[in-house]
Amino acid sequence: MWLLTVMGLTLDVDQRAVYWIVRSYEGSTLFRAPTAEEIPQGEEIYPIKEMNLQHPHMQGKITNH
């Protein structure tokens with residue numbers, strides 16, 4: 001069984017994009033998708049994999065300081 005956790009959802013209102021981090025036992029990955037106003041009607045949207053976050057200090061708890 002795969003356990004995935006979505007962490008750190010962020011809205012960029014200037015670029016009209018949503019970012020989120022997906023964590024699993026294999027590491028963390030940052031994804032991006034356009035906001036609804038940027039998607040033409042009837043078009044399917046697929047998230048874009050921005051980068052793998054493999055550095056060890058990026059695997060800990062996400063906190064808001």
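The values are calculated or read from the model by the stated rules, or taken from the named source; none is laboratory data. Just so you know, these numbers come straight off a predicted model, no measurement behind them.
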Next item on the list: Hey, can you tell me all the residues within region 1-42 that are polar (S, T, N, Q) and assigned to a strand (DSSP E or B)?
Entry: Thr5, Thr10, Ser24, Ser28, Thr29
Note to self: If a residue must be under 15 Å from Glu50 (Cα atoms), of a type in the set (Gly, Ala, Ser) and at pLDDT below 90, how many such residues does region 10-28 contain?
What the structure shows: 2
